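Visitor: This structure is in structure tokens; I'll ask about it shortly.
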Amino acid sequence: IFYFMDQETYDTYELSEDLIGENKYFILDGMEISLMFFDGNVLNISLPDKVEMVLVECELAVKGDTATNALKNAVTETGLKVKVPMFIENGEKIIISTIDGKYAGRA
């Protein structure tokens, strides 16, 4: 279950993981998110195009693997699995596109 609060009225909204879906991997504490309503019910959420996340798990780069566009597996603080360039290390902040869930750069 995810909890959201309207910053003007302080009304709170409780949304199930079923409603949030795969967007759960892009939601961080304190993030501003727009809720879409119809007849008083939340239909969906709207995320920013890009979010900053910390890598909590990252494969080691293979020495000598300098091919252009070489990628390795990593996991963000929300559990999102993403491919990142070889030079990115564990603990780094990166930018992720919420549109396709791909690495978009260093933060």
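Nothing in this text is a laboratory measurement; each read-out follows from the coordinates by a stated rule. Keep in mind that what you see is a predicted model, and the values were worked out from it rather than measured. Here the Cβ is made from the backbone with ideal geometry for all residues, glycine too, and neighbour counts use every protein chain on show.
Visitor: Return a single number: how many Lys pairs in the chain, at a sequence separation of 8 or more or on separate chains, have alpha-carbon atoms below 18 angstrom apart.
Guide: Step by step, the pairs that qualify in the chain add up to 18.
Visitor: Under a point spin-label approximation (7 Å from Cα along Cα-to-Cβ), what is the residue 78-residue 7 distance to one decimal in nm?
Guide: 1.7
Visitor: Another one. I'd like to compare 8-15, 90-97: which one has the highest average count of other Cβ atoms within 10 Å, and what's the full order after that?
Guide: Descending packing order for the listed peptides: 90-97, 8-15.
Visitor: Defining a contact as two alpha carbons under 8 Å apart and six or more residues distant in sequence, what relative contact order in percent does the chain show?
Guide: After rounding, I find 21 percent.
Visitor: Which Cα, out of 80, 36, 19, lies furthest along the positive dipole direction of the chain (beta carbon charges, K/R +1, D/E -1)?
Guide: In the chain, that residue is 80.
Visitor: On to the next question. Treating only the Cβ atoms of Lys and Arg (+1) and Asp and Glu (-1) as charged, compute the dipole magnitude of segment 1-71 about its Cα centre; round to the nearest 20 debye.
Guide: The dipole magnitude comes to about 360 debye.
Visitor: Take the alpha carbon atoms of segment 1-54, find their center, do the same for segment 72-87, and report the distance between the two centers in whole angstrom.
Guide: 23
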